[in-house]
Each structure stands twice: as C-alpha cells, then as structure tokens.
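Some notes on the structure that comes next.
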Amino acid sequence: MTALAKLFRTTVFKVSLAYLIITAIGAGLVLSSVGDNVKMLIDQQIANTVAADISGLSEQYAQGGVNGLARSLDARIQRPGADLYLLTTSAGVPMVGNIASLPPEVLERSGLVEIVYQPAGEDRSHQRRALARIFGLPGGFRLVVGHDLEEAESLRKILRDALFTSLLWLIAIGAVGGLWVARRVLNRVDAINARARGIVVGGDLSGRLPVAGTGDELDRLVMNLNAMLDRISILMSGLKQVTDNIAHDLKTPLTRMRGRAEAALRFGAGAEDYRGALEKVIEESDRLIQIFDALLKIARAEAGAAPEGIEDFDVGAVVADVGELYEPAVEERGLALDLDIAPNLYAHGSRELIGQAVVNLVDNALKYGAEPGGDETMESESAALRRVRLCARRGEGAIEVVVADHGRGVPEADRARVLDRFVRLENSRSRPGSGLGLSLAAAVARLHQGSLRLEDNEPGLRVVLRLPAAARPKDVVAAPAVLPPGAAA
C-alpha cells in the first residue's frame with residue numbers, strides 16, 4: 001500500500017490522471033453528440049417514411065373517398081411489418097387500423113407527434129411508443145399514420161450501451177497505462193535519486209547519475225546534471241590544488257618576511273640595517289599583493305562579472321603597445337622581438353583585461369623562451385631561435401593574438417593543466433612568478449567568449465588568444481591600457 005500510495009503521489013500519475021479525465025470528458029461529449037445525431041437521423045427517416053405513406057393514401061382518398069381510403073388502409077395492415085394506421089369517425093370510434101384506440105385529446109393534435117398506443121389484438125398492459133402524423137378529413141374523420149419506435153429504441157439502446165462500454169474500456173486502459181507509465185518513470189527517478197543521495201552522503205564526486213539512453217527529457221536532465229558534477233569535480237580538484245599551492249607559494253615569502261624582520265630586530269646595528277629590512281619586507285609584500293590581485297581578477301573573470309570600461313577597441317593597438325613596452329626587456333634577455341600586427345582588429349570588451357592577458361603571455365615567453373629548447377645543432381643556430389614573435393591577425397570571424405617563442409615549450413600532456421591556477425612545470429619553483437599568468441589569460445578569454453590555445457612551435461611554445469571580432473566603431477579610444485614589464489602575474 002505504501003508503494004501504491006507513493007505511485008499515486010507522483011507527478012506523472014497525476015498528469016496521466018488529469019489527461020485521462022479530460023479525455024473521458026471529451027469522449028463523453030463526442031459520444032453524446034453521436035447519440036443525438038443518430039436519434040435525429042432515425043426520426044428524420046421515420047418522418048420521411050410517414051410522408052411517403054401519406055402521399056400514397058392521399059391519392060387513394062382523392063379517388064375513392066373515405067371508403068376507398070378504408071380499403072387501402074385494410075390492405076396495408078395485412079402486409080408483414082406494416083406501419084401504424086388508424087381511421088376513426090368524428091366520435092373517435094376506430095373504423096380501420098392496427099391501433100386499438102387513441103385518447104380523444106391525441107386525435108385533436110396535428111403534425112408529427114410522439115404517441116403512446118395499444119396495438120390491436122394485444123392486451124391493454126402492452127403500451128408502445130410511435131411517431132405519427134394526424135390528419136383531419138371532411139366529415140370529422142381522423143386519419144393517423146405512424147411508425148413504431150421500438151426498433152429505433154432498440155438501436156439507440158445498443159448504440160448507447162456500446163458507447164458506454166467503450167468509455168469504460170477507455171477509462172480502464174487509460175488508468176492502467178497511466179499506472180504503467182508512472183511506475184516506469186518512478187523507477188528511473190528513484191534510481192537517479194538513489195545515486196544522487198549516494199553522491200551527497202558519501203561525498204564521492206566521481207559518481208554519476210544513470211543515463212537510460214532513450215534520449216528523452218530525463219536523459220537530457222541527467223546528462224546536464226552529470227556535466228554539472230564534472231564541473232564541480234574539476235572545481236573542487238582545482239580548489240584543492242590552489243589551496244596546496246597557496247600554502248607553498250605564500251609560506252615562503254611570509255617566512256622570509258618574518259625572518260628578515262626578526263634578523264633586523266636582533267642584529268640590526270643602525271638605521272641602514274632597519275631600512276634594508278623594511279625594503280625587503282615591502283618587496284615581498286608587493287609580490288603577495290600581486291598574487292592576490294591576480295587571484296581576484298581570475299575569480300571575477302571566471303564568475304562572468306562584467307568589468308568596467310567595456311568598449312570597442314583596436315586589439316592591434318593594444319598588442320603594439322605591449323610590444324613597445326617589452327622591447328627593452330626582450331633585448332636585455334638577449335632575445336629579439338618580431339611584431340606582426342594587422343590593421344583594424346576591433347573587438348568588444350575590456351581593453352585593460354585584454355592588455356593584461358597579452359602582457360602575461362609575453363612575460364611567460366620571456367621567462368621560458370630564453371632557454372634553448374632543442375639539441376646541440378639547434379643551440380648552434382641560437383641566432384635564429386632566440387626570438388619572440390608577437391602577432392595579431394584576423395581569423396575566421398575572430399581575432400587571434402599569437403605569442404611564440406623557441407624555448408623548451410610545454411609537453412602536450414601538460415598543456416591543459418598549465419592553464420590552471422598555481423600550476424608550474426618546474427617543481428623546484430626557483431624562477432620568479434606564481435603560476436597565475438596563463439590562468440588569468442585563459443579566464444579573460446572565456447570572459448570575452450574566446451579561447452586560449454597552446455600549440456607546439458617546433459621548437460618552443462605558441463600561445464593563441466582568440467577573441468570574437470567586432471565591427472569597426474565610429475570612435476575608438478586609442479589610449480594604451482597595458483601594464484609595464486614586470487607587472488604580469
């Protein structure tokens with residue numbers, strides 16, 4: 001009973017029941033209309049039959065008068081399955097006919113009427129109904145011509161019973177079908193709920209909801225929920241990784257800050273020692289602020305928060321500004337910077353964030369592009385390989401900013417991982433940086449409905465920042481909005 005009550009409370013059963021009730025009401029109205037139309041058709045056929053009889057009797061009356069009419073009626077009565085006929089005197093006394101008698105008030109009526117009569121030769125308890133037409137003749141005679149309704153009543157009863165039985169079958173089959181559908185859907189929902197409860201209680205985000213493979217709305221819902229679980233699992237894994245990396249990356253500078261401050265207090269001999277310690281503390285504090293600022297930008301970008309200063313701007317101009325700002329730093333590292341910027345590369349978004357993303361990519365190329373990535377032969381050709389290429393071009397309906405170097409590159413297996421926060425391929429973490437540069441660039445690309453793609457530069461790494469292109473606006477602000485070298489996360 002509990003399972004049945006649970007089944008009755010399901011939405012599917014309620015919907016099936018509502019649909020069944022609506023269908024039953026509609027079927028009842030249709031069947032009632034069919035019954036009324038059948039009755040009208042039968043009555044019309046009877047009226048036509050009576051009219052045909054009257055037409056023939058009128059000819060007999062015109063030729064032979066009342067006596068000729070009486071003889072014609074007597075002949076018709078003798079036929080098997082004869083209709084109803086009655087000829088009475090002005091006093092209502094039957095002269096000829098197969099109707100025993102009619103009340104005087106009935107004989108006074110005219111037109112096509114429904115009468116209750118007693119057949120001639122049968123007992124008085126046997127009353128029948130008929131549809132008849134009553135005519136008054138000269139001399140007070142009355143002529144009744146009609147058709148018995150017993151056969152029509154039988155036909156209507158058969159039709160009514162058949163329609164009622166059909167309605168009962170419709171309700172029964174609909175109820176059973178509704179229960180079957182509700183039970184089937186309930187089993188799937190119970191399986192989904194059981195798996196979801198296991199994931200919630202057990203905390204196992206690797207579990208997934210079952211997909212029946214039917215492609216219906218439940219399957220689409222389950223696939224979306226599984227996709228959501230995939231995303232949650234990735235975010236939780238990333239959160240754990242970020243937590244571990246924050247503990248590693250922040251503990252070292254904080255420890256250095258504390259050690260230098262403590263050393264200055266213990267061993268400082270004068271103002272110069274204290275000043276030097278404070279400068280080191282400020283330097284480490286700036287680095288920590290940069291890390292937290294980068295984390296804040298990534299969080300805002302991944303949350304889809306629209307930054308201030310959204311406008312149409314020339315991406316090529318931003319890339320040119322970055323190249324100009326980084327040219328001294330490139331030369332200082334013994335590299336050469338190649339610029340290849342197409343004109344009229346307009347995009348809609350945040351100039352500051354796009355500039356920050358390009359800065360991060362160039363800074364990443366400077367850190368790792370100075371290391372030869374090939375064998376001894378390639379290293380001997382270092383003049384050709386020690387270059388950083390900065391390109392802005394138009395693709396198919398998009399703008400591509402490409403930063404390429406000839407360093408050690410990134411293995412294909414690690415290219416998706418390095419876009420996560422605090423991921424650095426060098427485990428020793430001896431180089432400056434926090435592992436947030438590529439992550440911020442990827443978040444900025446997603447915020448602008450674009451993408452960040454890492455490719456092999458043979459040797460080295462080629463990073464492609466792809467942004468949706470916009471039509472050229474009438475007025476484009478040309479002021480640079482990029483950070484100076486060294487400000488990348």
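So the check is Cβ under 8 Å with 6+ separation or different chains; which pairs have a first residue in segment 266-277 that's free of Cβ contacts under 8 Å to residues at least 60 places away in the same chain and a second one that's outside any helix (DSSP H, G or I)?
Taking only residues 6 or more apart or on different chains, the pairs are Tyr274/Gly268; Ala277/Gly268.
Report yes if some residue within segment 361-379 is part of a loop (DSSP other than H, G, I, E, B), over 21 Å from Asp420 (Cβ atoms) and modelled with pLDDT of 85 or more; otherwise report no.
Within segment 361-379 (the criterion being part of a loop (DSSP other than H, G, I, E, B), over 21 Å from Asp420 (Cβ atoms) and modelled with pLDDT of 85 or more), the answer is no, since none of the residues qualifies.
Just checking, which of Thr165, Thr214 is open to solvent by 50 Å² or more (accessible area, probe 1.4 Å), hydroxyl-bearing (Ser, Thr, Tyr), at pLDDT 80 or above and under 25 Å from Leu17 (Cβ atoms)?
After applying the criteria, what remains is Thr165.
Is it the case that Val176 is β-branched (Val, Ile, Thr) and open to solvent by 60 Å² or more (accessible area, probe 1.4 Å)?
yes
Which one of Gly97, Gly177 is at positive phi and touching a residue at least 40 places away in the same chain (Cβ under 8 Å)?
Gly97
Enumerate the pairs (first residue in segment 22-43 and more than 21 Å from Asp148 (Cβ to Cβ); second residue anywhere and of a type in the set (Phe, Trp, Tyr) and open to solvent by 90 Å² or more (accessible area, probe 1.4 Å)) with beta-carbon separation below 9 Å, excluding pairs fewer than 6 apart on the same chain, so at least 6 apart or on different chains.
Close Cβ pairs (under 9 Å, with a partner that is of a type in the set (Phe, Trp, Tyr) and open to solvent by 90 Å² or more (accessible area, probe 1.4 Å)) amount to Leu31/Phe164.
When you look at Gly35, is it touching a Leu at 6+ places or on another chain (Cβ under 7 Å) and either modelled with pLDDT of 75 or more or not in a helix (DSSP H, G or I) (or both), yes or no?
When the stated conditions are applied, Gly35 passes them.
Suppose we filter Ala100, Ala152, Ala132, Ala75 for residues that are at pLDDT 80 or above and surrounded by 15 or more Cβ atoms within 10 Å (Cβ to Cβ); which single one remains?
Checking each option against the conditions leaves just Ala132.
(1) open to solvent by 40 Å² or more (accessible area, probe 1.4 Å); (2) without any contact (Cβ under 8 Å) to a residue 40 or more places away in the chain; (3) under 25 Å from Arg128 (Cα atoms): which one isn't true of Arg9, the others all being true?
So the condition that Arg9 fails would be (3).
Could you say which residue among Ala70, Ala27, Ala47, Ala62 is open to solvent by less than 30 Å² (accessible area, probe 1.4 Å), under 17 Å from Gly136 (Cα atoms) and not acidic (Asp, Glu)?
Result: Ala70 is the single residue among Ala70, Ala27, Ala47, Ala62 that is open to solvent by less than 30 Å² (accessible area, probe 1.4 Å), under 17 Å from Gly136 (Cα atoms) and not acidic (Asp, Glu).
So is Ala82 under 16 Å from Ala130 (Cβ atoms), open to solvent by 30 Å² or more (accessible area, probe 1.4 Å) and in contact with a Lys or Arg (Cβ under 7 Å, 6 or more places away or on another chain) or not?
Criteria met by Ala82.
The values are calculated or read from the model by the stated rules, or taken from the named source; none is laboratory data. From a predicted model like this one, the values you see are computed outputs, not experimental measurements. Positions of Cβ are generated from backbone atoms using ideal geometry, with glycine treated the same way; all protein chains shown enter the neighbour counts. Remember, those area values only see protein heavy atoms, side chains included, never the ligands or the DNA or RNA. Shrake-Rupley method; radii C 1.70, N 1.55, O 1.52, S 1.80 Å.
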